[in-house]
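Coordinate-derived values only; no laboratory data. Because the structure is a prediction, the values reported are computed rather than measured. As a convention, Cβ positions derive from the backbone with ideal geometry for all residues, glycine included, and neighbour counts pool all protein chains shown.
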């Protein structure tokens, strides 16, 4: 999620309004999850990310190609990450 968000923020193809809407969506999903019984699961995933994947020398797909249009817009990946977060929170709170 964090990597997808960061790449979407850096991708010059990202529409600022759509990006802001996805950031608000992430915040709302996390708030809903925490308030509805998924706080422990959310915190566990955050800890796992920091321990296993939270390093700063990553590159976004669009940064690794000579033609930026050869890769899908990073905002699409961020939306998919939000979709996965929404499904996981729904499973935890049902």
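Some observations on this one:
- Of (i) 26, 16, 10; (ii) 43, 17, 12; (iii) 28, 14, 10, the label for semi-axes √(5λ) of the Cα gyration tensor in Å derived from the coordinates: (i)
- Principal-axis tilt of helix 16-35 within the chain, Cα atoms, nearest 10 degrees: 20
- Principal-axis tilt of helix 74-93 within the chain, Cα atoms, nearest 10 degrees: 10
- For the peptides 74-80, 11-17, the ranking by packing is 74-80, 11-17, with the highest mean count of neighbouring Cβ atoms within 10 Å listed first.
- Computed E for residue 92/residue 68 - FRET, C-beta separation, R0 35 angstrom, nearest 0.05: 0.45
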